[in-house]
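These notes are about the structure you will find just below.
Please treat every number below as a calculation from the coordinates, not as lab data. Keep in mind the model is a prediction, meaning the values are calculated, not measured. Every residue, glycine as well, gets a Cβ built from its backbone with ideal geometry; the counts of neighbours run over all protein chains shown.
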């Protein structure tokens, strides 16, 4: 486990770099914040936790100048502030990295990092060579595996997220707010981020760190503030609290049942495996035999019926590409994909759906949902033939099915006609799952299924995954959260350089640190073999 970031030493009590006292915010008849308090010291990483809808995002938008607050006080260095625009917030040294990235995909990494502050000639032309040199030096000094000349649009999602973080770190920052910064990062990339945070806190920058991954709190923060229902639910010294206390503060007494089930990083978690015992194993629901394409190399993989099988590896290792190939989003150049006994050398998404394969993609906003459409329309899209007759949509049947799916997955919304964009992240993800619930798929492909999802909704999603496996569905899951893989999976395959290099039963892995070590060994092995760093160039 990494050493926590050290708090800047002080010989006398420090004046908070930023102080929020009694801040309230109303949106019409809804009170989003109810007199919340938060203070961050120079050089401190202060974690901000809470379920979706607890008020975290509202406070972030107030601090970034998107919203004005109604009552209370916000101070920076003891001076009262009230930002009327994001520009004023940035001028005061507040930098925010949101989950929704604000990058220009047609520009390079370097151009994005220096956007609006490019070195220019007297005539106003950008000094590209100087710009790339400055960005390259920054990336090298922080050990960040990005090439400043690479177009952002060519990067995997996690590297785009890292680019967004670097963009904030390169500015004149006093207070850095990170909203779910590791949602798509694996252990190695997390450590790079934590090292970068250490560098800025050593300069006296205060960091507000928002996350749903509670194990990170103990690795990176010195204090924790928890919001619940728009109010403070507790403030804790990280060194003097534990996972159980934080979960209790986040979910409150109404979710007492979840507290007993909360996954604790590094602790033993007793979860019954989903594969039912039998004298003869059931036929495999998925079998990849020697599958290769532009990103994969001779992949062999078997997922049994009722098994939850994990794929672990670094960004760019080929984890996501394995799912995309099974679902038909990438072509199969050699080898075969066998689904429920049906072998194919070529698979399209339509073929995959017809064979009973469902995909929950990594980026639910871009690939999993039509945000402007209603819950009902989103649930109907993959099953249009099921709800159509003579080319006409049977709207009553679609509505009934949508209401049934919402009830089964506990989707919280006023009704099935609610546009998906108005739902919380956890409820949006449930809608993505619900699209594939009837009929139940034979094979469920999950790519980062709990990114941006709070503790309560995460537990509900875990329940959906286990229920699917217990009903006989094979589940193949990619997750950067190694604790999540260890909690859910019966077996885990390690992916490196487009290959599956090792497959282990859950019982063979002591904890997340052991799995992380194996992933690093796999990468080192391929780096030595190739003579180049597999992770140094994102493509």
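Work out, step by step, the length gained on full extension between residue 199 and residue 121: first 0.36 nm times the residue separation, then minus their alpha carbon distance; give nm to one decimal.
Roughly 25.0 nm would be gained on extension.
Please say if the range 376-456 is rounded, prolate or oblate, where rounded means a/c under 1.5 for a ≥ b ≥ c the square roots of the C-alpha gyration tensor eigenvalues, and otherwise the choice is prolate for a/b larger than b/c and oblate otherwise?
oblate
Over the range 103-170, what is the relative contact order in whole percent, taking alpha-carbon pairs under 8 Å and six or more residues apart?
Answer for the range 103-170 is 45 percent.
For the range 103-170, take the alpha-carbon Rg, divide it by the Kirkwood Rh, and send me Rg/Rh.
Over the Cα atoms of the range 103-170, Rg/Rh equals 0.96.
Taking neighbour Cβ counts within 10 Å as the exposure measure, how do 170, 162 sort from fewest upward?
Ranked by crowding around the Cβ, least crowded first: 170, 162.
For the ranges 404-417, 353-366, what's the packing order if you count other beta-carbon atoms within 10 Å of each residue, average per peptide, and put the highest first?
353-366, 404-417
Could you order the peptides 231-240, 217-226 from most to least packed, using the average number of other C-beta atoms within 10 Å per residue?
217-226, 231-240
Shape call for the range 317-458 from the C-alpha gyration tensor, a ≥ b ≥ c root eigenvalues: rounded (a/c under 1.5), prolate (a/b greater than b/c) or oblate?
Here the range 317-458 falls in the oblate category.
Specify whether the C-alpha gyration tensor of the range 390-531 places it in the rounded, prolate or oblate class, a ≥ b ≥ c being the square roots of the eigenvalues: rounded for a/c under 1.5, otherwise prolate if a/b is larger than b/c and oblate if not.
Prolate shape, in that a/c is at least 1.5 and a/b is the bigger ratio.
Stokes-Einstein D for the range 317-396 at 20 °C, 1.002 mPa s, Kirkwood Rh over Cα pairs, in µm²/s?
148 µm²/s
Rounded to the nearest 5, what % of DSSP beta bridges with both residues in the chain are antiparallel?
Expressed as a percentage, antiparallel bridges in the chain total about 55.
May I ask you to order 31-41, 130-140, 340-350, 46-56 by the average number of other C-beta atoms within 10 Å around their residues, highest value first?
Peptide ranking by packing, descending: 46-56, 31-41, 130-140, 340-350.
Can you give the helix-only mean residue ellipticity at 222 nm for the chain, where every DSSP H stretch with n ≥ 4 adds -39500 (n - 2.57) and the sum goes over all residues, rounded to the nearest 500 deg cm²/dmol?
Helices in the chain give a 222 nm mean residue ellipticity of -9500 deg cm²/dmol.
Mind giving me the nanometre distance, one decimal, between the label points for residue 384 and residue 521, set 7 Å out from Cα along Cα→Cβ?
So the label points at residue 384 and residue 521 sit 5.0 nm apart.
Note down the relative contact order for the chain as a percent, whole number, built from C-alpha pairs under 8 angstrom at least six residues apart.
Dividing the mean separation by the residue count of the chain yields 16 percent.
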